[in-house]
Amino acid sequence: MFNMLCMDLRRLFKSRSFKSILLVTAALILMVSLMTAVVSDPETLDDMGAHGAEIDEIDRRMSEEIRNMTQLDLAHEILGGGFLLIIVGIGVTLFVNGDFSSGFVKNICCAQPRRASYVLSKALAAGIYSGIITLLGVVLILLAPYLYGMHPVPSAIPDILQYLFWMWLPHWAFALMALALVLLTRNTTLGIILSLVAGGGLTAVLVGTLGKLLRWPPLEQFFLSSVVKGVYAPQNGITQGWMILACTIAWAVIYGIGSLLSMEKRDI
């Protein structure tokens, strides 16, 4: 299994889709940071108002709030919406589906008949993939504001490392969702669509709305998009670590079992 994981990682780091995902992630974060810098600059707001833009007191208050944010406040304001979940889901979908579209999975399963080893290798590779994306996203969002003249209040290194760890866990579980869908459907369409819908929080919103109508308990809080949103709270820091860990483990078990069943029940 270790040899299979090493082979998966070599293929991952050489793949065009992985490099494209990294570039897209970096480009989008830099663009969002630029927009944030523009909105937070009072002189820019004055200039926009002088040229006819409608700038009211709410805009100026929001600009001041952004300037007073710490590094982690600003980071989670951008990353807490599920942006990296979508990136991870699409990336893992493209990577795993490459085995099936190229027929390479047949060679792997002939050399290693135990399909559980294949699933475990892919799950670990998904964890590394999600870790790289999470690390890239957090590092860029912490450093990018300085490129545009912003100076957020520095956060302590231990707090940043803790934030990075707790953000990585639900992203890994989300990557396992993408893995399970590819192994079940053997194509990328459903994985990409569900990554966009679930990563953006739409499924949690729909379940929450339905739950209110039917008077269900708040099940939407256990969805991974909600877990990511609740990882960090301004002035309080990391919140509900046990909740993050429990939801990560629960979803990982569900998607892991689904992946194993998909591989065992279907022909390669």
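The values are calculated or read from the model by the stated rules, or taken from the named source; none is laboratory data. Since this is a predicted model, take the numbers as computed values, not measurements. Virtual Cβ from ideal backbone geometry, glycine too; neighbours counted across all protein chains shown. Accessible surface is based on the protein model in full, side chains and every heavy atom, while ligands, DNA and RNA are left aside. Shrake-Rupley method; radii C 1.70, N 1.55, O 1.52, S 1.80 Å.
Considering only Phe18, Ser155, Ile66, and ranking their Cα positions along the charge dipole of region 1-157 that arises from unit charges at the beta-carbon of Lys, Arg, Asp and Glu, the one farthest toward the positive end is Phe18. How high is the relative contact order of the chain, given as a whole-number percent (alpha carbon pairs under 8 Å, six or more residues apart)? Reported as a whole number, the value is 27 percent.
On a per residue basis, the chain carries 52 Å² of accessible surface, using protein heavy atoms and a 1.4 Å probe.
The calculated 222 nm mean residue ellipticity attributable to helices in the chain amounts to -26500 deg cm²/dmol, summing -39500 (n - 2.57) over DSSP H runs of n ≥ 4 and dividing by all residues.
Summarising the label geometry, the points placed 7 Å from Cα in the beta-carbon direction at Met243 and Met7 lie 4.3 nm from one another. For the chain, the longest principal axis of the Cα atoms and the long axis of helix 2-14 meet at an angle of about 50 degrees. Compactness of region 44-153, taken as the C-alpha radius of gyration over 2.2 N^0.38 Å, stands at 1.68.
Think of each Lys and Arg Cβ as +1 and each Asp and Glu Cβ as -1; about the Cα centre, that makes the dipole of the chain roughly 1860 debye. The fraction of accessible area contributed by carbon and sulfur in the chain is 67 percent, rounded to a whole number (1.4 Å probe; ligands and nucleic acids excluded). Residue separation of Leu34 and Glu65 scaled by 0.36 nm, minus their Cα-Cα distance, works out to 9.5 nm of gained length.
Classify region 102-238 as rounded, prolate or oblate, taking a ≥ b ≥ c as the square roots of the eigenvalues of its Cα gyration tensor: rounded when a/c is under 1.5, otherwise prolate if a/b is larger than b/c and oblate if not. In terms of gyration-tensor shape, oblate. Pairs from the list Lys122/Lys212; Lys14/Lys106; Lys106/Lys229 with a Cα-Cα gap above 28 Å: Lys122/Lys212; Lys106/Lys229. With K and R counted +1 and D and E -1, the other residues having a Cβ less than 14 Å from that of Ala126 yield a net charge of 0.
Between Thr70 and Val153, the built amide H atoms are under 5 Å apart, and every one of these is 5 or more places off in sequence or on another chain.
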